[in-house]
Amino acid sequence: MASGVERVWITECPRDAMQGIHRFIPTATKAAYIRLLLDVGFDRVDFGSFVSPGAIPQMRDTAEVLGHLEGGAGMSKLLAIVANVRGAEEAMRHGRVSIVGFPFSVSETFQQRNAHSSITQALDIVKQIGTLCRENNRTPLVYLSMGFGNPYGDPWSPAIVADYTEKLVAMGVRHFALADTVGSSTPEGIASLYPYLQDTFPEIELGLHLHSTPGASREKLVAALDAGCVRFDTALRGFGGCPMAEDRLTGNIATETLLEVLDERGIDAGLNRTAWAEAQRYSYEVF
């Protein structure tokens, strides 16, 4: 049954998209693309990450990209991903970054693969990042990675996801994105897990960061909207995927697909469609 959602907020994810492209994209090209996306009016733009260049070579110029974005270019909030306290400290040096995202895995195996830390260590990292954010007037956002299960055989259940969420809420985290990372979510899983977490923690802002094959995207989006989700992470053309997960990657859900579903339901996303068309044109031209 439809939830009556009338407005959604979209985080566009060029960082997630570009990190999956093997050839290095020139800094000026990245910056030009991000500026076009900022003009569209997305709530947030996940533009880059302060992580090891050896781990994600494509993001080694994040600080330089930021230099091209200073002084405006749209009203979207810029979100940077970090994997440790050092990355968070680097993010704090850039005033244009207002949200600091940390992938926290509820799978021990993936936490080790993605950030070379245990879940226990990751909880301490989140605590330190939260302190840095409060001191520097930034917003910490935690991704509940592998939130719909994992391919490693690690224990998973809605109660496990809720248990870690409770620990993070106790640290002061209020912004979350429930992430399936490898496309393991199903419409049925979304319909049950999303409202369960939102009802259990009504004080948090809970979005969805879904990866999917193109054919399964619409059903997942419909299930999410029916479950009451109003925040979505998507990527133009459905680029993206986590290079630390599995070889058989699935991409981000395409922003175009989300917009089609929203248009069919008469749901507003607050976007400048002329600017959106220009960003699409540029994407096909350079990627």
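Among the conditions (1) closer than 28 Å to A55 by Cβ; (2) surrounded by fewer than 23 Cβ atoms within 10 Å (Cβ to Cβ); (3) at pLDDT 95 or above; (4) of a type in the set (A, V, I, L, M, F, W, C), the only one that A177 does not satisfy is (2). For segment 17-35, taking the residues that are among the hydrophobic types (A, V, I, L, M, F, W, C) and modelled with pLDDT under 95, the one that is farthest from the chain's Cα centre (by Cα) is identified as I21. Taking segment 147-167 as the range and being closer than 13 Å to V182 by Cβ and of a type in the set (G, A, S) as the test, the residues that pass are G147, G149.
Results for (1) out of contact with any Ser or Thr (no Cβ under 9 Å at 6 or more places or on another chain); (2) of a type outside the set (D, E); (3) touching a residue at least 24 places away in the same chain (Cβ under 8 Å); (4) surrounded by fewer than 17 Cβ atoms within 10 Å (Cβ to Cβ), shown as yes or no for each residue.
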{"residue": "I81", "(1), (2), (3), (4)": "no, yes, yes, no"}
{"residue": "R96", "(1), (2), (3), (4)": "yes, yes, yes, yes"}
{"residue": "F102", "(1), (2), (3), (4)": "yes, yes, yes, no"}
{"residue": "I119", "(1), (2), (3), (4)": "no, yes, yes, no"}
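Which pairs have Cβ atoms under 9 Å, sit 6 or more apart or on different chains, and link a residue in segment 258-271 that is acidic (D, E) to one that is surrounded by fewer than 12 Cβ atoms within 10 Å (Cβ to Cβ)? These pairs meet every condition: D268/E6; D268/R7. Put simply, of S145, S105, S117 the only residue that is more than 16 Å from the chain's Cα centre (by Cα) and farther than 19 Å from L38 by Cα is S117. Total residues in segment 1-35 satisfying the condition of being within 25 Å of L221 (Cα to Cα) and assigned to a helix (DSSP H, G or I): the figure is 6. When T234, T165, T200 are checked against the criterion of being in contact with a helix residue (DSSP H, G or I) (Cβ under 9 Å, 6 or more places away or on another chain), at pLDDT 95 or above, surrounded by fewer than 17 Cβ atoms within 10 Å (Cβ to Cβ) and hydroxyl-bearing (S, T, Y), T200 stands alone in meeting it.
In the set (1) buried (at least 19 other Cβ atoms within 10 Å of the Cβ); (2) modelled with pLDDT under 95, the condition left unmet by P14 is number (2). Here A223, A216 are screened, and the one residue that is part of a helix (DSSP H, G or I) and at pLDDT 95 or above is A223.
The values are calculated or read from the model by the stated rules, or taken from the named source; none is laboratory data. All figures in this text were calculated on a predicted structure; none of them were measured in a lab. When we count neighbours, we look across all protein chains shown, and the Cβ atoms used for this are built from the backbone with ideal geometry, even at glycine.
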